[in-house]
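So the structure is just underneath, and the comments pick up after that.
The values are calculated or read from the model by the stated rules, or taken from the named source; none is laboratory data. If you're wondering where the values come from, they're calculated on a predicted model, not measured in any experiment. Glycine also receives a Cβ, built like all others from the backbone with ideal geometry; neighbour counts cover every protein chain displayed. Each accessible area value is taken on the protein alone, full model and side chains, heavy atoms only, with ligands, DNA and RNA left out. Shrake-Rupley method; radii C 1.70, N 1.55, O 1.52, S 1.80 Å.
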Amino acid sequence: MASSLTCVGLLWAFLSLLSAAASCVGFFMPYWLLGQQMDKPVSFGTFRRCSYPVRDEERQATVMVEQCGRYASFLGIPSLEWRICTVVTGVGCGMLLLVGLTALMGCCISELISRTIGRVAGGIQFVGGLLIGSGCALYPLGWDSEEVQQTCDNRSDQFQLGSCQIGWAYYCTGAGAASAMLLCTWLACFAGKKQKQYPY
């Protein structure tokens, strides 16, 4: 199998796949914000939540259901900012995944990635990383929602955590975006081999 990538291109392909995986895993996991409610651990993502209160009619009390799941609908996401964050971050993750998988194929298929294609892929990675970074920046604007305040001892507000803390998935998503924007975009400029000139 012949590769269409230079040595730098092979490093780019590996880091592109790693960046995409980190961003996508972090985006999907509901551990962006960690707190407690009714002495049970509660965590939030952009579109998922772990542990939520439910009214138990038999006992006439509110109980915590300790399981993770998506919100019932897109409008069920607690704040407009988190809805925007979900869309923007999801599109950015899709872009990074597309480039990462294309780079992986470039390791096995000759003449797939030229210098020009590499630079275009780097531009796509930059935009994808920028979208994910924007989503991470928007996320704290939703900390003033009622659900988050209940979890953070009614002391949370925009950019104020109260008794909650930022979880590992938030950092994972941001780190994937930062490496895609700063490192992969630069490496992509040197990833493809120069195309052979065929005399006609």
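Checking each residue of region 107-129 against the condition of being more than 14 Å from residue 5 (Cβ to Cβ), modelled with pLDDT of 95 or more, polar (S, T, N, Q) and crowded, with 20+ Cβ neighbours inside 10 Å gives at least one match. No other residue among 34, 15, 11 is hydrophobic (A, V, I, L, M, F, W, C), under 18 Å from residue 106 (Cα atoms) and open to solvent by 40 Å² or more (accessible area, probe 1.4 Å) apart from 11. Can you find even one residue in region 133-141 that is closer than 11 Å to residue 180 by Cβ, within 20 Å of the chain's Cα centre (by Cα), at pLDDT 95 or above and open to solvent by less than 60 Å² (accessible area, probe 1.4 Å)? For region 133-141, residues closer than 11 Å to residue 180 by Cβ, within 20 Å of the chain's Cα centre (by Cα), at pLDDT 95 or above and open to solvent by less than 60 Å² (accessible area, probe 1.4 Å): present. In region 40-76, the residue that is surrounded by the fewest Cβ atoms within 10 Å (Cβ to Cβ) out of those that are assigned to a loop (DSSP other than H, G, I, E, B) and not small (Gly, Ala, Ser) is 58. When you go through 33, 17 one by one, which is the residue that is over 30 Å from residue 123 (Cα atoms) and under 15 Å from the mean Cα position of the chain (by Cα)? Exactly one residue qualifies, and that residue is 33. Filtering region 142-179 to residues that are over 19 Å from residue 52 (Cα atoms) and at pLDDT below 95 leaves 157, 158, 159, 160.
When you look at residue 169, is it farther than 18 Å from residue 20 by Cβ and either out of contact with any His (no Cβ under 7 Å at 6 or more places or on another chain) or β-branched (Val, Ile, Thr) (or both), yes or no? Judged against the criteria, residue 169 is not a match.
Return yes or no: is residue 3 among the hydroxyl-bearing types (Ser, Thr, Tyr), within 10 Å of the chain's Cα centre (by Cα) and open to solvent by less than 60 Å² (accessible area, probe 1.4 Å)? No, not satisfied. Looking only at residues of region 52-105 that are of a type in the set (Gly, Ala, Ser) and closer than 21 Å to residue 152 by Cβ, we find that the one that is farthest from the chain's Cα centre (by Cα) is 76. Looking at region 7-21, is at least one residue part of a loop (DSSP other than H, G, I, E, B) and either among the aliphatic types (A, V, I, L, M) or in contact (Cβ under 8 Å) with a residue 24 or more places away in the chain (or both)? Scanning region 7-21 turns up no residue that is part of a loop (DSSP other than H, G, I, E, B) and either among the aliphatic types (A, V, I, L, M) or in contact (Cβ under 8 Å) with a residue 24 or more places away in the chain (or both). Summed over region 101-112, residues that are over 14 Å from residue 14 (Cβ atoms) and either in contact with a Gly (Cβ under 8 Å, 6 or more places away or on another chain) or of a type in the set (Val, Ile, Thr) (or both) total 2. Pull up region 84-106, narrow it to residues that are within 23 Å of residue 173 (Cα to Cα) and open to solvent by less than 10 Å² (accessible area, probe 1.4 Å), then point me to the one that is modelled with the lowest pLDDT. Checked region 84-106; the qualifying residue modelled with the lowest pLDDT is 103.
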